[in-house]
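Enquirer: Let me give you the structure first, and then I'll get to my questions.
Every number here is computed from the coordinates shown, using simple stated rules; none is lab data. Remember, it's a predicted structure, so these values are computed and weren't measured experimentally. Using ideal geometry, Cβ is built from the backbone for each residue, glycine included, and neighbour counts are taken over all protein chains shown.
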Amino acid sequence: MSAHIVYDSAPLGSVIRYFDGTAKPPTRFRKKLAGWESRNGSGRVVKKEPPRSRATYSSPAYFTLHEGDFDQGGIVVVSARRTYSVESDLRFEVVERPAVGSVRVLQMLGDSPELLHLAENRKAAERWLASNRYSRAFLEEVTADEVGADVVEGRAAA
């Protein structure tokens, strides 16, 4: 599916796989492999931003995937994220949607919320929020309406 369909149909917390359709090179070709890995992977949707138009600049809508954290001694040192425009030439696939009843911990940054954590229930989300202080954070339960989009534009969404 296209990036535009992911932007329109995948709720925050969905796991998305992105790929370019090329074969993975052998590990002995380190530079080719690194290039391939930058265009093939997966991550969780943590932010969606609508298109913007300014007097001198306009940008299309985009979404951000959280690919993982690198920690040292239990402290996150680097958080790996990638942002994709709806005009991206990559192909995307929804691997997993958040479960109905799970709870998102969100924070408002700008005009759009950003996913901080996806918990299995409200009690777990409140526990996580109590141990990870964020200003302007709030909880939002995942509903059946937003996860039930199994068919998009006449074909399976994932």
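Enquirer: Within segment 48-60, identify whether any single residue is in contact with a Pro (Cβ under 9 Å, 6 or more places away or on another chain), touching a residue at least 24 places away in the same chain (Cβ under 8 Å) and within 23 Å of Ala144 (Cα to Cα), and answer yes or no.
Expert: yes
Enquirer: For the subset of segment 52-71 comprising residues that are part of a loop (DSSP other than H, G, I, E, B) and aliphatic (A, V, I, L, M), which member is surrounded by the fewest Cβ atoms within 10 Å (Cβ to Cβ)?
Expert: First pass over segment 52-71, keeping only residues part of a loop (DSSP other than H, G, I, E, B): 54-57, 60-61.
With aliphatic (A, V, I, L, M) added as a condition, the list becomes 55, 61.
Numbers: Ala55: 5, Ala61: 17.
If we take residues in segment 52-71 being part of a loop (DSSP other than H, G, I, E, B) and aliphatic (A, V, I, L, M), then Ala55 is surrounded by the fewest Cβ atoms within 10 Å (Cβ to Cβ).
Enquirer: Across segment 87-105, which residue is nearest to His66 (Cα to Cα) among those that are of a type in the set (A, V, I, L, M, F, W, C) and more than 13 Å from the chain's Cα centre (by Cα)?
Expert: Val105
Conditions tested, residue by residue: (1) touching a Gly at 6+ places or on another chain (Cβ under 9 Å); (2) closer than 25 Å to His117 by Cα.
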| residue | (1), (2) |
| --- | --- |
| Ala3 | no, yes |
| Thr27 | no, no |
| Arg30 | no, no |
| Gly35 | no, no |
| Glu49 | yes, yes |
| Ala61 | no, yes |
| Ala80 | yes, yes |
| Glu87 | no, no |
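Enquirer: It is to be established whether one or more residues within segment 32-43 are closer than 30 Å to Phe138 by Cβ and not hydroxyl-bearing (Ser, Thr, Tyr). Give the derivation first.
Expert: Applying the first criterion (closer than 30 Å to Phe138 by Cβ) to segment 32-43 yields 41-43.
With not hydroxyl-bearing (Ser, Thr, Tyr) added as a condition, the list becomes 41, 43.
Yes: one or more hits.
Enquirer: From the list Val94, Val78, pick out the single residue that is surrounded by fewer than 15 Cβ atoms within 10 Å (Cβ to Cβ), in a strand (DSSP E or B) and not hydroxyl-bearing (Ser, Thr, Tyr).
Expert: Val78 is the lone residue from the list that is surrounded by fewer than 15 Cβ atoms within 10 Å (Cβ to Cβ), in a strand (DSSP E or B) and not hydroxyl-bearing (Ser, Thr, Tyr).
Enquirer: Go through segment 111-136 and give me each residue that's under 17 Å from Val45 (Cα atoms) and over 13 Å from the mean Cα position of the chain (by Cα).
Expert: Listed by number, the residues that qualify are Asp111, Ser112, Ala119, Glu120.
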